[in-house]
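In what follows, a structure is listed as structure tokens, so that the remarks can point back to it.
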Amino acid sequence: MKMTEPIGRSTTVLRGILRLNEPMSKHVSWRAGGVAARAYVPADRPISPNFFATLPQREPLYFVGLGSNLLVRDGGYRGTWS
């Protein structure tokens, strides 16, 4: 998917932060790794179902949690993490 394509089709406002090309080193305990295509940090728990509606079809989604003991390859992650 090109980063210039719209990432959402929903008219619902999401609460939280959506970042493109986010360095995963900021979010994992090892402080190493490449970038994620998209990173969503929700304002509320649990994640709103409206967020899932904004993802492109067949978009890989990975839940990071606290990022402890998680290694991200230097090539990054071609998907969305939350």
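The values are calculated or read from the model by the stated rules, or taken from the named source; none is laboratory data. Source: prediction; values computed, not measured. For neighbour counting, all protein chains shown are included, and Cβ atoms are generated from backbone atoms with ideal geometry for every residue, glycine included. Just the protein is used for accessible areas: all its heavy atoms, side chains included, with ligands, DNA and RNA removed. Shrake-Rupley method; radii C 1.70, N 1.55, O 1.52, S 1.80 Å.
When the residues of region 20-58 are filtered to those that are basic (Lys, Arg) and over 16 Å from residue 74 (Cα atoms), the one that is most open to solvent (accessible area, probe 1.4 Å) is 58. With respect to the stated conditions, residue 1 is modelled with pLDDT under 90 and out of contact with any Cys (no Cβ under 9 Å at 6 or more places or on another chain). Is one or more of the residues making up region 26-49 modelled with pLDDT under 85 and assigned to a helix (DSSP H, G or I)? Yes, region 26-49 contains a residue that is modelled with pLDDT under 85 and assigned to a helix (DSSP H, G or I). Sub-8 Å Cβ pairs linking a first residue in region 57-82 that is more than 16 Å from residue 21 (Cα to Cα) to a second residue that is of a type in the set (Val, Ile, Thr) and surrounded by 11 or more Cβ atoms within 10 Å (Cβ to Cβ), at least 6 apart or interchain, are 67/28; 68/28; 70/28; 70/64; 71/28, ordered by first then second residue.
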